[in-house]
Every structure is written in structure tokens, then in C-alpha cells.
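Asks: Have a look at this one before I ask anything.
The values are calculated or read from the model by the stated rules, or taken from the named source; none is laboratory data. Everything numeric in this text was worked out from a predicted model, so none of it was measured. All Cβ positions, even for glycine, are placed from backbone atoms using ideal geometry, and neighbour counts span all protein chains on display. The area values use the complete protein model at the heavy-atom level, side chains included, leaving out ligands, DNA and RNA. Shrake-Rupley method; radii C 1.70, N 1.55, O 1.52, S 1.80 Å.
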Amino acid sequence: MKTINSINRNLIYISAGDREVFASYAINNLVDYFDVGIFYYGEDQKKIEKLAESASFFTVGKGTKFNSFKLLTQDTPEIFDRYDTIWLCDDDLIVVKGDLRAAPKILKKYNLKILSPAYSVWGRMSHNIMRPHLWNRVFRFVNFVEMGSPLFDSQALKSFLNVYDGSLDGQGIDWWYCNFMKCDSELVAGIVDSIVFKNPYERDKSDS
């Protein structure tokens, strides 16, 4: 991993493979407001070179975004002080609408611990709470945030990773952090309906 080139106060961290789309989108469109860190688990050497050149930091390995980020912060714990917010994102997300720069501002303004864009009904969605409420102007408080693209207050994420043991490699992590952050009893979690991601089905993904 190259030295973290920290410019902004907000980080997008993406676990990316050969068919990624969101890492490229973030690098091409969001580096004015976000640092972009990439954990690459694929084998496409051209993509590795391209993303590594443009990312704020880049590393290659195997594992999920939560497990890889936990390992990263064990080696560089100061990362939690570099950033106000940390956005852990899947690599296949497609921006349907909205300005992603608004999400960290909303999280900080309303003293939230965790936030997510809504998910388009035309893509994969594990929980109906993620469906966009188009009549909402800003965001809504919720008791659950799906794990595809949770944006965390950096200190809240630090606290969770101190108890997260890496034993889950996929399903269930969202229930764990929501329970840990008391999302069911405190107004600490939200979904931004003015920002919508599409999480595409496997059949809709490009093989290029």
C-alpha cells in the first residue's frame, strides 16, 4: 500500500474487483470532496495500475470491505483522525440521482453515526427500508442501514471495529453495527432519499 495521500476530510473506501464500476466513478467524479481508498481483490493488471495511480491509497488482497478495512486501521489507526466520515462501499454501485457530497454534510449536521443513500427498486435490495421515499426532502431516521454503502461518522466506525472480530465475511454485519450503535433506540441512523444508488443484479453487470 502506498502512503495515504490525505487531502479531504471524507473518505470513500471501496472493495473493488475486476468488474468494478464505482471505484472508477469515485475517482473520476468525487476526488474534489472525498479521498478514495481502494482495496482490490481482482486480477486485472491494467485496472490495478489505473486505480492505483489515482487512488489516495491502494492495496491488493482478498477479503471483504469490513475485514480489509479493519486490517488497514490496525496498521494505520490514525486514519480515524484524518477523516470526519468514512464511507464503506461495494464496487458495483451505480449512482441514479443526487450529489454524493451532500451525504457527509447531512450526517454531521444531524449528529448521525451512520447514513446511507436509498436503493433503487430496479436493483438488488435486501431490505425494504432502503427503498426511496420520494416525498422526503432530506433524509429520514431509520433503525437499520444495509451494508452495501454505509457512511459512518469516523469515531463511530472506530468504536464498532474495536468490537468487530472479523468473523463475518458477508451477511449479518449490518445487524451487528446497527445493534452496536443502538439504531433501534436512538436517532443515530438515516437514509438519504435525495441520493439513490442502484445495486445491479448479476445478470446486469458488464463482463468487460
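Asks: Pulled fully out, how much extra length does the chain show between residue 141 and residue 18, if you take 0.36 nm times their separation in residues and subtract their Cα-Cα distance?
Replies: 40.8 nm
Asks: I've got another one for you. In whole angstrom, how far apart do the alpha carbon centroids of region 95-146 and region 175-192 sit?
Replies: Between the Cα centre of region 95-146 and that of region 175-192, the gap is 13 Å.
Asks: Contour minus end-to-end for residue 168 and residue 78, with contour as 0.36 nm per residue of separation and end-to-end as the Cα-Cα distance? Don't jump to the answer; show the numbers that get you there.
Replies: Values: separation 90, 0.36 × 90 = 32.40 nm, distance 2.45 nm.
Gain on stretching residue 168 to residue 78: 29.9 nm.
Asks: Run the simple label-point estimate for residue 62 and residue 134 please: 7 Å along Cα→C-beta, distance reported in nm.
Replies: Label-label distance for residue 62 and residue 134, simple model: 4.4 nm.
Asks: Starting from the Cα of residue 3, move 7 Å in the Cα-to-Cβ direction to define the label point; list residues of region 43-76 whose amide nitrogen is under 15 Å from there.
Replies: The answer is 56-58.
Asks: With every protein chain left in place and a probe of 1.4 Å, what is the accessible surface of residue 176, to the nearest 10 Å²?
Replies: 70 Å²
Asks: Among all cysteines in the chain, which have no other cysteine Cβ under 4.7 Å from their own Cβ?
Replies: When partners are defined as cysteine Cβ atoms under 4.7 Å apart, the chain leaves 89 without one.
Asks: What net charge is computed for the residues neighbouring residue 113, neighbours being all others with C-beta under 14 Å from the C-beta of residue 113, Lys and Arg scored +1, Asp and Glu -1?
Replies: Residues near residue 113 contribute -1 overall.
Asks: Let me ask something additional. If you take the square roots of the eigenvalues of the alpha-carbon gyration tensor of the chain and sort them as a ≥ b ≥ c, do you get rounded (a/c under 1.5), prolate (a/b over b/c) or oblate?
Replies: Here the chain falls in the rounded category.
Asks: Restricting to the chain, what percent of DSSP beta bridges are antiparallel, rounded to 5?
Replies: On the way: 11 of 32 bridges.
So the antiparallel bridges amount to about 35 percent of the total.
Asks: Now a separate question. Summing +1 for each Lys or Arg and -1 for each Asp or Glu, what net charge is found among the other residues whose Cβ lies under 13 Å from the Cβ of residue 80? The partial results should precede the final answer.
Replies: Numbers: positive: 9, 70, 82, 158; negative: 75, 78, 81, 84, 153.
Taking every other residue near residue 80 into account, the sum is -1.
Asks: Can you return the aspartates and glutamates within cross-link range of residue 105? Criterion is Cα-Cα under 14 Å, with same-chain partners fewer than 8 residues away left out.
Replies: 84, 153
Asks: Follow-up. How high is the relative contact order of the chain, given as a whole-number percent (alpha carbon pairs under 8 Å, six or more residues apart)? Provide the component values of the computation, followed by the final result.
Replies: Values: 400 pairs, mean separation 52.2, N = 208.
Reported as a whole number, the value is 25 percent.
Asks: In nm, give the distance between the simple-model label positions of residue 175 and residue 158, each being 7 Å from the Cα along the Cα-to-Cβ direction.
Replies: 3.0 nm
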